[in-house]
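Down below is the structure, laid out as structure tokens.
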Amino acid sequence: MATKTQAKSKPGIQAKAKTGSSIKEKPRVNEKVQVVNKISPPRIPSKSEERRLSKALRMPQYAYMKAPGLAHDFQVGDTVEVYCDHEKDKERVRGWIRGIVVQVDNKMVAVQFRSNVFLTDGWMVPDRILWYPLNSVHIRPVLKKNRKDKIIPEY
């Protein structure tokens, strides 16, 4: 009887294999395919387009730590104190020294001194003029005193 059941089961297995329910069919190569999103090669902009794009993409950069505005309004002829390297009693020291504002523009202040001043890398400034940004912590106005007390020493 075992042979009869085996004979009956074999044709059933062969029938499934013939119908292809377990075997996948390969797609046909000759079928037409519709392209939905076409990929184009990257476009390289010309020099004039690069300049135009770079100018258009520039935005002002505002990174204020405190509110914009000037703490002091410097004018030509004002007396100020500046923190820098200078000569005092024929020795080089770092500290506050008085100077006179000789030029002001929208970002910088030029201060001229009566004694020799030095850059931070050690070079002496021949015209004794140092430039500072308007918002620098190394420049401050001098409170005005009586002109009778102020004596300008000759060097």
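The values are calculated or read from the model by the stated rules, or taken from the named source; none is laboratory data. The model shown is predicted, which means the values in this text are computed figures rather than measured ones. Note that we place each Cβ from the backbone using ideal geometry, even for glycine, and neighbour counts take in every protein chain shown.
A few points about this structure:
- Residue within the stretch 12-32 that is modelled with pLDDT of 70 or more and under 43 Å from the mean Cα position of the chain (by Cα) present: no
- Residue check, residue 77 part of a loop (DSSP other than H, G, I, E, B), in contact with a strand residue (DSSP E or B) (Cβ under 7 Å, 6 or more places away or on another chain) and modelled with pLDDT of 70 or more: yes
- The set of residues in the stretch 82-101 being more than 13 Å from residue 139 (Cβ to Cβ) and either in a strand (DSSP E or B) or basic (Lys, Arg) (or both) consists of 85, 86, 87, 88, 90, 91, 92, 93, 94, 95.
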